[in-house]
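The values are calculated or read from the model by the stated rules, or taken from the named source; none is laboratory data. All values reported here derive from a predicted model rather than from experimental measurement. All Cβ positions, even for glycine, are placed from backbone atoms using ideal geometry, and neighbour counts span all protein chains on display.
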Amino acid sequence: MGSGRIFTCPGCGRLLRFSFGVGWMMPGPALLKRRKDVDDVLDFSERYPDGYVVYERVVKRCKNCGNLSNDMDLSMYVMKSPVRHAHHFVQVLGNNISLEEARSGKYKKYKDHLAPCQRCGCTEWESFDEPGLKEEMEKGNICCPDCGKVLTADMMTGYYMWD
């Protein structure tokens, strides 16, 4: 089950909803192949059958224009050592790995997935998982992509679970 946060902009009133995690459903080949920006993930999955892909949803902030996007991380990892886990579980397309597991030190990042920003086309992003976004919020660093005001979140009504 995934979780999510709802943010509002005190300046322009824009409502932003960000989902985190993977929920119950994993993306299948048909879903990913319909997307035009995942050729690198499909190529990686074919080239590295023992590779891992992070399917968790994260918030991405464009380094050029500040646009906020909520999408699958899709960063790609390979194991540092060639020894496979006994519990190796192959998903429909590539092997699933959580962000937490990817950061454990057992894996080496092969490549970030560089989807273009829908606003400006830039492919450089900062990614935030749920704890990372909370930390950035506390610093006042998450701003409305439309008017630039710092977003606010109500921790009681601005939280939801999804699957």
* **Cross-chain or 6+ apart pairs with Cβ under 9 Å, segment 116-144 first and free of Cβ contacts under 8 Å to residues at least 24 places away in the same chain and within 21 Å of L74 (Cβ to Cβ), then of a type in the set (A, V, I, L, M, F, W, C) and in a loop (DSSP other than H, G, I, E, B)** => T123/L114; T123/A115; T123/C117; E136/I142
* Considering only residues that are of a type in the set (A, V, I, L, M, F, W, C) and surrounded by 14 or more Cβ atoms within 10 Å (Cβ to Cβ), look in segment 120-145 and name the one that is nearest to the chain's Cα centre (by Cα). => F128
* Residues in segment 14-36: is at least one assigned to a loop (DSSP other than H, G, I, E, B) and modelled with pLDDT of 85 or more? -> yes
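Yes/no per residue for (1) assigned to a loop (DSSP other than H, G, I, E, B); (2) surrounded by fewer than 20 Cβ atoms within 10 Å (Cβ to Cβ); (3) at pLDDT 80 or above:
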site: S45; (1), (2), (3): no, no, yes
site: D71; (1), (2), (3): no, yes, yes
site: V78; (1), (2), (3): no, yes, yes
site: H85; (1), (2), (3): yes, yes, no
site: H88; (1), (2), (3): yes, yes, no
site: E101; (1), (2), (3): no, yes, yes
site: L114; (1), (2), (3): yes, yes, yes
site: Q118; (1), (2), (3): yes, yes, yes
* Structure fact -> When every residue in segment 146-163 that is at pLDDT 85 or above and touching a Ser or Thr at 6+ places or on another chain (Cβ under 9 Å) is compared, the one surrounded by the most Cβ atoms within 10 Å (Cβ to Cβ) is L151
* To do: Identify all residues within segment 124-160 that are touching a Leu at 6+ places or on another chain (Cβ under 6 Å) and not hydrophobic (A, V, I, L, M, F, W, C); write none if there are none.
  => D129, P145
